[in-house]
Amino acid sequence: MPTDSAPAAGDLQPVTLPAVEDLDGWNDFLDQQVLGGLQRTRERVDALRATAPGDPASLPRWNDVHVDLGNAFAVAGLLSQVHPDAPLRERAEGYEQQLHELRTSLMLDPEVYAVLEAAPTDGLPDGAERVLEDALRSFRRSGVDRDEKTRARLRELSARGSDLGQAFSRNIRDGAGETRVPASALEGLPADYVESHPVAEDGTVTITTGYPDTNPFLMFSADREARHAVMHTFLNIGWPDNDPVLADLLKVRDEQARLLGYDSWPDYDAEEKMIGTGAAIAEFVDRVAQDATASAERDAAVLLERARQDHPDLERLDVADARYYGEVVRREQYDVDGQAVRAYFDSGRVRQGLLDVTGRLFGLEYLPVDAPSWHAEVATYDVVLVETGRRLGRIHLDLHPRSGKYNHAAQFDLVRGVAGRQLPEGVLVCNFGRTRMDHSEVVTLFHEFGHLLHHVLAGRHPWVRFSGVATEWDFVEAPSQMLEEWAWDHGVLAGFAVDADGTPIPEALVDRMRAAEEFGKGYYARTQMYYAAVSYRFHAELPADLTARSRELSDRYAVWGQVPDTHFHCGFGHLEGYGSGYYTYMWSLVIAKDLFSAFDAGDLFAPEVATRYRDTVLAAGGSRDAADLVEEFLGRPYDNRAFTAWLES
């Protein structure tokens, strides 16, 4: 790994968190980490501003600023999404606003820019030139070289955009809904699911919009009316509150981009990504959609033919039908029963299996730590590199749903690692059931854990800019998408996927599961391109009627019909964080398929290639361009041959 010459990470101590029940302690911790971080950052900025032009201390001081600022952002961002206490979450959100304001002011500060612009470039240590180039570009992209009136307007827009982004995410997080359906609609659902949904006096059960509730119901309930009711509720998360919020956010971003000299937000956003331009996003979306059309239409016809056995007059499947009939076809034509598969995936065993698999693959050991956290269900581990015995970092797994918690699946930072200074700590925030998991959830867990590994393994750079998941945004998903492949291998699954009698999942069943999964990849790709088109077109066009434009894009790209009177865009959380760049999931998948081609499908744990991948791609963080990292690992530039073969197979 690239920073072995640095002081041993094992000498660094993780953050000490308050006890779960100590709310006063948590409020103090939030203040110390964030308000203290704000003060330290301001002092660092003052020192940087006072640095003489040409002083070689300017770049290390710039690094110091971002270490403190990043620490404060991480704590505020995490606690605003996971802490059980609503007032504390609200305070954390308010602190995030202060941090955004400070960062905006910093990036519009001409004095700081002048210091860095005058930084000496001769004899720089490793990585320093890249850090300097990145900093100067970021200043220009913030508008530091514009006139004062323009800079003032950019400050206003940045603050407004931050406020709107928070509101959009908050409305999704706090906008959870529920649907009451007849108890008979649970017929066909797994026993543990039925047991967890008591029947009310009126003969109904409540289905929430949480994934452990909604996903199994849409997969297994044969009650079409109830499925549509549940999907209707799910697709209206954030409605109507987020409609005007999103419209305003799009306008703010567009004005920011135009003030900075770009034709649109997608052009501004794409400049720092592998794809390069906004127009290239549109071309990529259309190309993938076209490549997937034949496969999508073929597989959709199979689902529709099966659905017509139950509903002869059905003309087109919609999103409330597709998952159910996909499951029916997999059960009847591929002999894959989702409930039978679910019986092999006990949540606790899956979690341990994930640690065993990734530990073996990358030469890591996860040591359970009895340490306090924000909730009793959080599991904490120290991550140790076996070959050296060094502690690389600490991870926290927060895997189950609760009220007020972030309601998707993502990796959050707690601390960004810096060589010799601070240990990387990351948090996996998911919403899986506490008893059994669907295999799709197992795949998601492997995917998100890939981000956590990236965060920890790339946490030993001296420059915080390179720490963790710091690559171009459209490469970020590739390592995680590649790790999903291990969740499809029988030899891997047999180590932890066992039934109640301890019998491992049969190889023939895993083969059929994979075949069934491959069955729908065409319409999956088209669905992803619908999401990507919404992400891009909303930002490029600023449509007056977001619902109407979303429906038009659905008709153009998606295979399934929409449920009437729904507003998907209001609950599409990626529009906040990913902006116009949702295409990155599929762009990354192209690279992920190519990365995986270097592994031996017959021995996914072959140490040479896994270690080389760990050290070349993951541990490098953002220290080099992603294309260069991939080329070094593969021995050639990446291409789309593996992806195309997968899509057409």
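What to note about this one:
- Hey, residue 427 in contact with a strand residue (DSSP E or B) (Cβ under 7 Å, 6 or more places away or on another chain), of a type in the set (Val, Ile, Thr) and open to solvent by 30 Å² or more (accessible area, probe 1.4 Å) or not: no
- Matching entry among 84, 56 (being in a loop (DSSP other than H, G, I, E, B), touching a residue at least 40 places away in the same chain (Cβ under 8 Å) and within 28 Å of the chain's Cα centre (by Cα)): 84
- Check on residue 117, in contact with a Lys or Arg (Cβ under 6 Å, 6 or more places away or on another chain) and in contact (Cβ under 8 Å) with a residue 12 or more places away in the chain: no
- Residues in region 365-385 that are over 15 Å from residue 13 (Cα atoms) and either among the aromatic types (Phe, Trp, Tyr) or open to solvent by less than 40 Å² (accessible area, probe 1.4 Å) (or both) were compared, and the one that is farthest from the chain's Cα centre (by Cα) is 385.
- The number of residues in region 48-76 being modelled with pLDDT under 95 and of a type in the set (Val, Ile, Thr) comes to 0.
- Restricting region 559-583 to residues that are modelled with pLDDT of 95 or more and closer than 28 Å to residue 639 by Cβ, the residue that is farthest from the chain's Cα centre (by Cα) is 559.
- Of all the numbered requirements in (1) of a type outside the set (S, T, N, Q); (2) in contact with a Leu (Cβ under 8 Å, 6 or more places away or on another chain); (3) more than 26 Å from residue 250 (Cβ to Cβ), residue 133 misses one, and that requirement is (2).
- Tabulated pairs, region 478-503, first in contact (Cβ under 8 Å) with a residue 40 or more places away in the chain, second of a type in the set (Lys, Arg) and part of a helix (DSSP H, G or I), C-beta under 6 angstrom, 6+ apart or interchain: 488/514; 496/349
- Enumeration of residues in region 199-228 that are surrounded by 21 or more Cβ atoms within 10 Å (Cβ to Cβ) and assigned to a strand (DSSP E or B): 205, 207
Here's the yes/no breakdown for (1) modelled with pLDDT of 95 or more; (2) of a type outside the set (S, T, N, Q):
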{"site": "138", "(1), (2)": "yes, no"}
{"site": "146", "(1), (2)": "yes, yes"}
{"site": "164", "(1), (2)": "yes, yes"}
{"site": "177", "(1), (2)": "no, yes"}
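- For region 590-649, a residue qualifies if it is open to solvent by 40 Å² or more (accessible area, probe 1.4 Å), assigned to a helix (DSSP H, G or I), free of Cβ contacts under 8 Å to residues at least 60 places away in the same chain and not basic (Lys, Arg), and the qualifying residues are 608, 628, 631, 632, 645.
- Residues that are polar (S, T, N, Q) and surrounded by 22 or more Cβ atoms within 10 Å (Cβ to Cβ), drawn from region 540-589: 550, 566, 580, 584, 588
- Selection within region 234-244 - crowded, with 21+ Cβ neighbours inside 10 Å and either aliphatic (A, V, I, L, M) or part of a helix (DSSP H, G or I) (or both): 234, 235, 237, 242
- Filtering region 130-181 to residues that are of a type in the set (Ser, Thr, Tyr) and under 28 Å from the mean Cα position of the chain (by Cα) leaves 138, 142, 158, 162, 169, 179.
- For region 261-287, the set of residues classified as touching a residue at least 12 places away in the same chain (Cβ under 8 Å), crowded, with 17+ Cβ neighbours inside 10 Å and part of a loop (DSSP other than H, G, I, E, B) consists of 264, 273, 274, 275, listed by residue number.
- Residue in region 189-198 that is farther than 20 Å from residue 328 by Cα, open to solvent by 30 Å² or more (accessible area, probe 1.4 Å) and assigned to a loop (DSSP other than H, G, I, E, B) present: yes
- Leading residue by the ranking (nearest to residue 520 (Cα to Cα)) among those in region 300-321 that are part of a helix (DSSP H, G or I) and open to solvent by less than 10 Å² (accessible area, probe 1.4 Å): 303
- Residue in region 557-570 that is polar (S, T, N, Q), touching a residue at least 40 places away in the same chain (Cβ under 8 Å), more than 22 Å from residue 476 (Cβ to Cβ) and part of a helix (DSSP H, G or I) present: no
- Among the residues of region 120-153, just one is without any contact (Cβ under 8 Å) to a residue 12 or more places away in the chain and either of a type in the set (S, T, N, Q) or in contact with a helix residue (DSSP H, G or I) (Cβ under 6 Å, 6 or more places away or on another chain) (or both), namely 121.
- Some residue of region 122-129 being acidic (Asp, Glu) and in contact with a Lys or Arg (Cβ under 9 Å, 6 or more places away or on another chain): no
- The lone criterion from (1) touching a His at 6+ places or on another chain (Cβ under 7 Å); (2) not in a helix (DSSP H, G or I) left unmet by residue 14 is number (1).
- The set of residues in region 444-487 that are among the acidic types (Asp, Glu) and either within 21 Å of residue 580 (Cα to Cα) or touching a strand residue (DSSP E or B) at 6+ places or on another chain (Cβ under 7 Å) (or both) comprises 448, 472, 474, 477.
- Unmet criterion (only one of (1) within 30 Å of residue 232 (Cβ to Cβ); (2) open to solvent by less than 30 Å² (accessible area, probe 1.4 Å)) for residue 169: (2)
- Condition check for residue 415: modelled with pLDDT of 95 or more and closer than 25 Å to residue 169 by Cβ: yes
- Within region 160-180, residues that are within 19 Å of residue 405 (Cα to Cα) and in contact (Cβ under 8 Å) with a residue 12 or more places away in the chain sit with their Cβ atoms under 7 Å from residues that are part of a strand (DSSP E or B) and open to solvent by 20 Å² or more (accessible area, probe 1.4 Å), at 6+ positions apart or across chains, in these pairs: 176/208; 178/206; 178/208.
- In region 386-400, the residues that are farther than 18 Å from residue 450 by Cβ and buried (at least 19 other Cβ atoms within 10 Å of the Cβ): 391
- Region 408-422 - residue that is in a loop (DSSP other than H, G, I, E, B) and out of contact with any helix residue (DSSP H, G or I) (no Cβ under 6 Å at 6 or more places or on another chain) and, of those, farthest from residue 465 (Cα to Cα): 408
The values are calculated or read from the model by the stated rules, or taken from the named source; none is laboratory data. Since the structure is predicted, the reported quantities are computational estimates derived from the model, not experimental observations. Here Cβ is always computed from backbone atoms with ideal geometry, including for glycine, and neighbour counts include all displayed protein chains. SASA here: full protein model, heavy atoms, side chains in, ligands and nucleic acids out. Shrake-Rupley method; radii C 1.70, N 1.55, O 1.52, S 1.80 Å.
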